[in-house]
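Working notes, structure below.
Coordinate-derived values only; no laboratory data. All values reported here derive from a predicted model rather than from experimental measurement. Here the Cβ positions follow ideal geometry from the backbone for every residue, glycine too, while neighbour counts run over all protein chains shown.
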Amino acid sequence: MYVAVKGGEAAIRNAHKLLADRRRGDRSVPTLRLDQIVEQLALGADRVMSEGSLYDRELAALAIVQARGDMIEAIFLVRAYRTTLPRFGYTRAIDTGTMLVERRVSATYKDLPGGQLLGPTFDYTHRLLDPELAAGGEVAEPEQRAGEAEAMPRVSAILAREGLIESDGDMPEDHVPGDITREPLAFPMARDIRLQALSRGDEGFLLALGYSTQRGYARNHPFVGEVRIGEVELALDVPELPFAVPLGSIRVTECQMVNQFKGSAKAPPQFTRGYGLVFGQSERKAMAMALCDRALRASELGEDVVAAAQDEEFVISHSDNVQATGFVEHLKLPHYVDFQAELDLVRRMRAEHDARENAGKAEEKREAAE
Amino acid sequence: MDIVTQAIEGGFADPVFDAQTVFRAVMDAMARPGKLQPLPVFTRPPTPLSATAGAIALALCDNDTPLWLDPALQASATVKSWLGFHTGAPLANTPADAHFALIATPAEMMALDGFSQGTQDYPDRSTTLILEVSDLVSGAPLLLEGPGIEKTATIAPAQMPRHFVEQWKQNNQRFPRGVDIILATSEAIACLPRTTRIKTMEA
Amino acid sequence: MTAQPTDIATYNFAYLDEQTKRMIRRAILKGIAIPGYQVPFASREMPMPYGWGTGGVQVTASIIGPDDVLKVIDQGADDTTNAVSIRAFFKKVANVAVTTETAKATIIQTRHRIPEHPLSAGQVLVYQVPIPEPLRFLEPRETETRKMHALEEYGLIHVKLYEDIAKHGRIATTYAYPVKVEGRYVMDPSPTPKFDNPKMHRSPALQLFGAGREKRIYALPPFTDVVSLDFEDHPFEVQTFDQPCALCAAENVYLDEVILDDHGGHMFVCSDTDHCEKRREQGHRGHLAPEIPLALEKTEPAQ
């Protein structure tokens, strides 16, 4: 017998208690502290900050624990918090040219002012699982750089001096950058808006799209002009004060992709740029972003739009993993009202179909009998 | 009172709930054109800005919404600093840039088509006009019909703009483009969204 | 984790900050002024996933006040998990009275149904909308569909409906059935069954539609013409059911099919749980109604 129950509330409460229990796991294992995550799962926290669009390591760490390590869930938690925060103002644009660089590599020059600086990279590590880490062994202190660091001009600036690379964007002087968290997206979009969307876009999605351009789906002949990671200063203009107020620094990863370009009716042969910038340390994301940025400039540069990575509406509409996961996962919500409507239609159409078939068979039989 | 005090005082006493109450009255008025929505006094703005118009501005405007003031309001530095302090809304360079326009003397106001009408693609990018009127009963009666009105509604706002009925007909013809109007008296509001038609009073 | 919560993260009243509410409120006013037109708005991340009612929740959070009485339904029922969750959210962040009774609610947030009990003036029905664009599955590009709405160029959707007729002998759209509003904009009524479409036409209630992920708000003011698209020789018609509700014997309501066993046993019951309970309280009984009388708490005041 069917009895309508009011059990939803209790069921949800109990499910969440079970979730809390599973999140904690074996009580004899010490609880994770946020500083452990901040320090030892730093790149995970970086991804959460970057795609969560909120620079706060501690909150990112909290989100990671709360999400049981599910990164998209953690990003979602941070976004849902971020959106409630009042906006005090906009900082000045950061200057990555003055970055306190920890890592900087260029693929286009053997050596260059400031040098190649490997920094804390997985590159050239042999991917062998390390039992010593599992044992919690001591880690040696890193070597310190002797003396002051040399100035590190951006590779794009070096190329620009020769006039071989396009200028850095063509936004008018008085252009006020948009804000995708405050204004609805509209297509086609200006590059500043697009870059914001890409910067918070899903790493995996942009990686796959960037990869697709390398495999010939809108190939854009990329060279890593430079990847740099380090700290940049933030400064805020306050109307009452004659100078910009320093707010501290954030760690970012920047990728300047240099792409060969044969020229078009609109532009002379020169190198073009693809740009990537993300919070924290994530070269993969910054590079994938730069590939996508360049691919998405197809129309601007008079190239044919032939592949997914060049299709602005397609890429930007589907790059946000918080949106994507919500809509994919909403399919598990009850849909039985709509399903009932479809069921009814299919039943009726099926009955009509069967009636036609049977009538046809009866006709055949009669003809055969005659 | 000096200008600074006047600019700072007289805002919402309870910003969250006052804004909600004012918005709900505007929403209901917009959804039921011509129906009066009573509104208590929530703000004490400097003259010639009325308490009702001030409350609507505080409920709806902020630094994302350029605001245009009619010459009477424009002339008052106190009004400008009061609105600036409480809403943060920038003043629009031209009426066509304004998201909202505050009109203290509607009878002298410029033509409706001077404000932003939105575009065919984005008809929502139009100016919402907030007109201060003394009452909604002593002017020429307007017989209204359209969405939100079961059969017809009548209001008679005083001191309306010149040739208003003719101007409004043109506003209707621009649909989906066009401006929307909020009429504010000292104790109530009524709305004329662009879909509302004014029936000519004929036998 | 320590037992003491820290002040590492705090939230605002009704979750949304005031600036966000203003932005959404402005969009709602434009939606009301241009019935059926989808107003873009800077939808926020909400503490529930996109696709789970974030648009409806943002609309409700922006209009709700301390005197409101809120009802939340999903599939017509107050006790489906997502409806329970959203109701609990508003109890927590806005501390409003909640009810399951359609007639007592001032705001009803819904997914996939319009209540059977006729709505009245002063009520607001807030729809959760997944895909607000009625032309989206015919033309995936926003740039194109926006042009079509601007030019009132709706040939494509008529072609689609006509192809249905050519292929299946009938219009094979059973839910999210497109409507034309005041003879101008073609609008998606959200995935309600087409059974509910006639309830939108000239309803005395204000109807607001929120699509969070797609960042659109649209509206139907009261007493607005809402006409389901059709053809002269294939007029619009709603679903009909061959039997009444098994619990309350109601006819001409939308029914859910409930599977009773794995031998094909099933029963049909009201999708609108409040409507069904009300009728049973009035003594209506279907052929499978249980003997136990109903005793359910229907309204909880604000704390």
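For C:LYS30, a cut-off of 16 angstrom between C-alpha atoms picks up these aspartates and glutamates, skipping any fewer than 8 places away in its own chain: A:GLU183, B:ASP28, B:ASP64, B:ASP121, B:ASP124, B:ASP180, C:GLU182.
Computed across the stretch B:94-203, the Kirkwood hydrodynamic radius from all distinct Cα-Cα pairs reaches 14.1 Å.
Counting only whole DSSP H helices of chain C, the ones at least 15 Å long by C-alpha along their axis and with mean Kyte-Doolittle hydropathy no lower than -0.5 are C:18-33, C:81-94, C:155-168. Sorting C:244-250, A:113-119, C:63-69, A:258-264 by average packing, meaning the other beta carbons within 10 Å per residue, from highest down gives C:244-250, C:63-69, A:258-264, A:113-119.
Counting Cβ atoms of other protein chains within 10 Å of each Cβ in B:15-24 and taking the mean gives 5.
Computed from Cα positions, the angle between helix A:42-52 and the longest principal axis of chain A comes to roughly 60 degrees. Using the Kirkwood radius built from alpha carbon pairs, what does the Stokes-Einstein equation give as D for the stretch B:2-105 at 25 °C and 0.890 mPa s, in µm² per second? In µm²/s, the coefficient is 177.
Electrostatic bookkeeping for C:VAL159 treats Lys and Arg as +1 and Asp and Glu as -1; over the other residues with beta carbon under 13 Å from its beta carbon, the sum is -2. Taking a straight line from the alpha carbon of A:LYS262, these lysines sit under 30 Å away, with near neighbours fewer than eight places off in the same chain left out: A:LYS110, A:LYS285. Net charge of the neighbourhood of B:SER50, taken over other residues with C-beta under 11 Å away and scored Lys/Arg +1, Asp/Glu -1, is -1. The Cα-based radius of gyration and maximum Cα-Cα distance (Dmax) for the stretch C:59-132 are 11.2, 31 Å.
The calculated pair-distance distribution of the stretch B:3-195 uses every alpha carbon pair, bins of 10 angstrom beginning at 0, and gives 10, 39, 39, 12, 1 percent. With a simple spin-label model that places each label point 7 Å from the Cα along the Cα-to-Cβ direction, the separation between A:GLU300 and A:ASP70 comes to 3.7 nm. In a solvent-free Debye calculation with one equal scatterer on each Cα, what is log10 I(q)/I(0) for the stretch A:86-144 at q = 0.21, 0.28, 0.29 Å⁻¹, listed in the order of the q values? Log10 I(q)/I(0), no solvent term: -1.00, -1.31, -1.33. Each peptide in A:77-85, B:188-196, B:136-144, A:242-250 gets a packing score, the mean of other Cβ atoms within 10 Å over its residues, and the list from highest to lowest is B:188-196, A:77-85, B:136-144, A:242-250. Sorting A:SER53, B:SER116 from the fewest to the most surrounding beta carbons within 10 angstrom yields A:SER53, B:SER116.
In terms of overall dimensions, the C-alpha atoms belonging to the stretch C:35-93 reach 31, 26, 24 Å along their principal axes, ordered largest to smallest. Per residue, the Cα convex hull of chain C amounts to 185 Å³. With the helix formula -39500 (n - 2.57) applied to DSSP H stretches of n ≥ 4, the protein assembly as shown reaches a computed 222 nm mean residue ellipticity of -10000 deg cm²/dmol. By definition, a body whose alpha carbon gyration tensor gives a ≥ b ≥ c is oblate when a/c is 1.5 or more and a/b is not larger than b/c, and the stretch A:21-165 fits this oblate description. Amide hydrogen proximity for B:THR128: with H placed 1.01 Å from N in the peptide plane, the residues at 5 or more positions away or on another chain lying under 5 Å are B:PHE100, B:ALA101.
Once the Cα atoms are used to define both axes, helix B:77-87 deviates from the longest principal axis of chain B by about 90 degrees. Along the stretch A:188-195 the Karplus relation, 6.51 cos²θ - 1.76 cosθ + 1.60 evaluated at θ = phi - 60°, assigns HN-Hα couplings of x, 10, 6, 5, 4, 5, 4, 5 Hz to successive residues, with x for each Gly and Pro. What angle do you read, to the nearest 10 degrees and between 0 and 90, between the alpha-carbon axis of helix A:203-214 and the longest principal axis of chain A? Value to nearest ten degrees: 80.
For the peptide C:70-76, the mean number of other protein chain Cβ atoms found within 10 angstrom of a residue's Cβ is 2. Net charge near C:ALA103: determine it from the other residues with C-beta under 10 Å of the C-beta of C:ALA103, scoring Lys and Arg +1 and Asp and Glu -1. Result for the neighbourhood of C:ALA103: +1.
Length, then width, then depth: along the principal axes, the Cα atoms of the protein assembly as shown run 90, 89, 65 Å. Peptides A:94-102, A:310-318, B:24-32 ordered by packing proxy, namely the average of other Cβ atoms within 10 Å per residue, highest first: B:24-32, A:310-318, A:94-102. Sorted from longest to shortest, the spans of the Cα atoms of chain A along the three principal axes equal 103, 67, 54 Å.
I'd like the antiparallel share, as a percent to the nearest 5, of DSSP beta bridges with both residues in chain B. The answer is about 50 percent antiparallel.
Within chain C, DSSP assigns beta bridges of which about 60% are antiparallel (rounded to the nearest 5).
Computed on the stretch C:112-245, the Cα convex hull volume stands at 120 Å³ per residue. Using a cut-off of 26 Å between alpha-carbon atoms, which lysines can reach C:LYS278, once sequence neighbours fewer than 8 places away in the same chain are excluded? Straight-line reach from C:LYS278, under 26 Å: A:LYS6, C:LYS71, C:LYS91, C:LYS104, C:LYS194, C:LYS199, C:LYS298.
For the stretch A:277-364, the Stokes-Einstein estimate of translational diffusion at 20 °C and a viscosity of 1.002 mPa s comes to 118 µm²/s, using the Kirkwood hydrodynamic radius over alpha-carbon pairs.
Given a Förster radius of 56 Å and the C-beta distance between A:ASP35 and A:ARG347 as r, what FRET efficiency does 1/(1 + (r/R0)^6) yield to the nearest 0.05? My answer for the efficiency is 0.40. Shielding by partners for peptide A:308-314, expressed as the average number of C-beta atoms from other protein chains within 10 Å of each residue's C-beta, is 1.
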